[in-house]
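Notes for the one structure printed next.
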Amino acid sequence: MRKKTYKKKIYSLVVALAVVVGGYITTQLNQPESVQNIEDIPAYKNKPYVELNDGKPYFTEKDLTTKSFEKYSPLDSLGRCGVAYANVSKKTMPTEKRGSIGQVKPSGWQTIKYDFVDGKYLYNRCHLIGYQLTGENANERNLITGTRYMNTKGMLYFENMVADYVKETNNHVLYRVTPVYEGDNLVADGVIMEAMSVEDEGLDIEFNVFVYNVQPGVNINYANGKSHLAKEK
C-alpha cells in the first residue's frame, strides 16, 4: 500500500492545470485531460520523480498513430510554457548538433550558482521535449526554468530511454510533457512526463511520472525563481 503522505499543494496545481491549460492550448494540441483525476502526488522524498496512474499514460486509443508530429503550446499571458506533445520517430530527431539557446529567458529565469550543484548553475533551460527527440533548439515554447537536478537526474533518464528505443527499432513513441504551476508562479513545481511506444501499444515503452523541479540543498521561490540555501536540519 502506498504511504499516505501527500503534498496537497501540488495536488491543487494538477487539478488547476486542466483549467489553465485549456485556456491557452491550441485546439490541435492534445492535453492530458485525465490529469484532473489525479487524487494526490506524494511530497518530494529524495527521489527525482514519482510514478502517476500506476505508470499508465493518459493517452487514448485514438491517439495512437504512426504519423510523426510535434506540437507546442503558445506561451500564456505570463510567458509560461504549456503542454508539449510529439510522436517521436527517427524523422523528428535532429540531424545536426545542438546550437545556442542562451538567448531564451524562460519565465522565472534567474542566473545563480551554488558550488555543490553539478555545473554550478542552479537552473538550466530545460527542454520539455528533449533536443535529442525532436531537434528543437531555441524554441521558447519548449524551454522552461528547471533545476539541474530535475534536468539531469529526472528528465534525462526518460529522454534517453525513448531515444534509444526509437533508434534501435525505428518505431514511434507518443511523448507528452506538461509543466505544472501553482497559480501565477513563473517557475513550475515540476513536469508530468508521459510516453507510450505506438507499434506495440506500450509493450516496450510506457511511463507516466511527475518529475520534481527541486534542487537538494536549495529553497526555491516558485513565484519568481529566486532561491537561497536551505537551512540544515
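The values are calculated or read from the model by the stated rules, or taken from the named source; none is laboratory data. The model shown is predicted, which means the values in this text are computed figures rather than measured ones. In this analysis, Cβ positions are derived from the backbone assuming ideal geometry, glycine residues included, and neighbour counts consider all displayed protein chains.
For this structure, a couple of remarks:
Residue-by-condition table, conditions (1) within 30 Å of GLY202 (Cα to Cα); (2) surrounded by fewer than 13 Cβ atoms within 10 Å (Cβ to Cβ):
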| position | (1), (2) |
| --- | --- |
| SER73 | yes, no |
| THR95 | yes, yes |
| ARG98 | yes, no |
| THR111 | no, yes |
| PHE116 | no, yes |
| HIS127 | yes, no |
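- Residue check, CYS126 in a strand (DSSP E or B), within 17 Å of TYR175 (Cα to Cα) and in contact with a strand residue (DSSP E or B) (Cβ under 7 Å, 6 or more places away or on another chain): yes
- Close contacts from segment 98-111, counting a first residue that is without any contact (Cβ under 8 Å) to a residue 40 or more places away in the chain and within 11 Å of ASN142 (Cα to Cα) and a second that is surrounded by fewer than 17 Cβ atoms within 10 Å (Cβ to Cβ) and among the hydrophobic types (A, V, I, L, M, F, W, C), with Cβ to Cβ under 6 Å and a gap of 6+ residues or different chains, come to VAL104/ALA138.
- Meets criteria (touching a residue at least 60 places away in the same chain (Cβ under 8 Å) and more than 18 Å from the chain's Cα centre (by Cα)) for GLU232: no
- ASP164 vs. criteria surrounded by fewer than 24 Cβ atoms within 10 Å (Cβ to Cβ), farther than 22 Å from GLY99 by Cα and not aliphatic (A, V, I, L, M): no
Yes/no per residue for (1) closer than 12 Å to THR145 by Cβ; (2) in contact (Cβ under 8 Å) with a residue 24 or more places away in the chain:
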{"site": "VAL187", "(1), (2)": "yes, yes"}
{"site": "SER197", "(1), (2)": "no, yes"}
{"site": "GLY202", "(1), (2)": "no, yes"}
{"site": "ILE205", "(1), (2)": "no, yes"}
{"site": "ASN213", "(1), (2)": "yes, yes"}
{"site": "PRO216", "(1), (2)": "no, yes"}
{"site": "ASN219", "(1), (2)": "no, no"}
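- Contacts under 7 angstrom Cβ, first residue in segment 113-131 being aromatic (Phe, Trp, Tyr), partner at pLDDT below 95, 6 or more apart: TYR131/ARG98; TYR131/ASN137
- Residue match in segment 135-154 (condition: in contact with a Ser or Thr (Cβ under 8 Å, 6 or more places away or on another chain), surrounded by fewer than 24 Cβ atoms within 10 Å (Cβ to Cβ), under 23 Å from LEU64 (Cα atoms) and not acidic (Asp, Glu)): yes
- Residues of segment 85-100 satisfying the condition of being over 15 Å from ASN160 (Cα atoms) and among the hydrophobic types (A, V, I, L, M, F, W, C): ALA86
- Residue list for segment 56-69, restricted to those being over 19 Å from PRO179 (Cβ atoms) and either modelled with pLDDT of 95 or more or surrounded by 15 or more Cβ atoms within 10 Å (Cβ to Cβ) (or both): LYS56, ASP63, LEU64, THR65, THR66, LYS67, SER68, PHE69
- Qualifying position, being at pLDDT 90 or above, among the β-branched types (Val, Ile, Thr), closer than 22 Å to VAL214 by Cβ and not in a loop (DSSP other than H, G, I, E, B), among VAL50, VAL35: VAL50
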